[in-house]
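Undergrad: Structure below; questions to follow.
The values are calculated or read from the model by the stated rules, or taken from the named source; none is laboratory data. Note that this is a predicted model, so its numbers are computed, not measured. Cβ placement follows ideal geometry from the backbone for every residue including glycine, while neighbour counts extend to all protein chains displayed. All accessible areas refer to the heavy atoms of the entire protein, side chains included, with ligands and DNA or RNA removed. Shrake-Rupley method; radii C 1.70, N 1.55, O 1.52, S 1.80 Å.
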Amino acid sequence: MKLQQLRYIWEVAHHDLNVSATAQSLYTSQPGISKQIRLLEDELGVEVFSRSGKHLTRVTPAGERIIATAGEILRKVESIKQIAQEFSNEKKGTLTLATTHTQARYALPPIISRFIKRYPDVALHMHQGTPMQICEMTIDGTADFAIATEALELFSDMVMMPCYRWNRCVIVPKGHPLASVQELTLETLAEYPLVTYVFGFTGRSKLDEAFLNRGLSPKVVFTAADADVIKTYVRLGLGVGIVAHMAVVPEQDDDLVTIDASKLFEPSVTKIGFRRGTFLRGFMYDFIQAFAPHLTREKVDQALLCHGKGEIEELFADVELPTL
């Protein structure tokens, strides 16, 4: 059994059983991958993949467990490499983030800019997706850190730490009836068609919860994962926009009227998370603290020793989170 064979079955399983696509991503040949998978299956005495002719059709029950274990082994191998790199050159390496559009567009740019200046030899990569995809990428080792507001608590294998609080604002074109309202209420908002985030994105659950608690059924006519897209459709008159306050840039959005909605909705907390057991290099600790200054190396190490969400929440219970 070879590490290369384990990597091949892992990658094939994560490329929708497309051997050709896997070969392209690994810069190798399709026949070579197929041969190595067959050799591994012959050695193990079980099939990892079911086949129809030359095509892989599904992962077998035995294959599911083998691939899961292969993933654990590959992550351990990566940790060994990280340890070696930390001692050979502590300021050189790679850091991969998985996050949402809102974080990538509005919260992270100044952090990343300063980080790159401090660590010019660290290659920084970013993947964007839904909160669920972000967590899955972190769990399977595609990303080092997950940065999101929703869904992180669903993954028990993640160490999740609070970074900052944020809330929402309402945006409307100039001349809209809401632009002159003295005190905005949920009841008033519910009278208008709304344009906001897709469910599962950017604190959307807090928004839905606020209306539900008041027995209101808002008419959400358009949803998007991207705040810039939401603002575009507000400008077109499709509806009243509800976005993260950080997503409004005064000099760029001066054609819109912004109404603070922090009294209408509970604040949301953005968190940074990583897979339990991840070896954190020095520059990774530095990135975490640059994003959330209260997350010192000492605090992060304490979080690593916590068992579950409850203990981590207790660890940070007395921390006054910044507000964006």
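Undergrad: Among strands (runs of 3 or more DSSP E) lying entirely in region 1-116, which contain 3 or more residues that are open to solvent by 90 Å² or more (accessible area, probe 1.4 Å) and modelled with pLDDT under 90?
TA: none
Undergrad: Now for a different question. Only residues that are open to solvent by 50 Å² or more (accessible area, probe 1.4 Å) and assigned to a loop (DSSP other than H, G, I, E, B): list them for region 274-324, please.
TA: Arg276, Gly277, Phe279, Pro293, His307, Ala317, Asp318, Glu320, Pro322, Leu324
Undergrad: Residues that are open to solvent by 30 Å² or more (accessible area, probe 1.4 Å) and in contact with a Lys or Arg (Cβ under 9 Å, 6 or more places away or on another chain): list the strands (runs of 3 or more DSSP E) wholly contained in region 167-258 that include at least 1 such residues.
TA: The qualifying strands (runs of 3 or more DSSP E) are 168-173, 193-197, 219-224.
Undergrad: Further, regarding this structure: Among residues belonging to region 127-144 that are open to solvent by less than 40 Å² (accessible area, probe 1.4 Å) and of a type in the set (A, V, I, L, M), point out the one that is farthest from the chain's Cα centre (by Cα).
TA: Among them, the one singled out is Ile139.
Undergrad: Which of the residues that make up region 247-296 are in contact with a Cys (Cβ under 6 Å, 6 or more places away or on another chain), among the hydroxyl-bearing types (Ser, Thr, Tyr) and over 17 Å from Pro110 (Cα atoms)?
TA: Across region 247-296, the qualifying residue is only Thr258.
Undergrad: Read through the list (1) more than 18 Å from the chain's Cα centre (by Cα); (2) under 23 Å from Thr96 (Cβ atoms), then give the number of the only condition that Glu313 fails.
TA: (2)
Undergrad: Right, something else. Provide a single number: the residues in region 124-166 that are part of a helix (DSSP H, G or I) and either under 26 Å from Lys92 (Cβ atoms) or hydrophobic (A, V, I, L, M, F, W, C) (or both).
TA: 8
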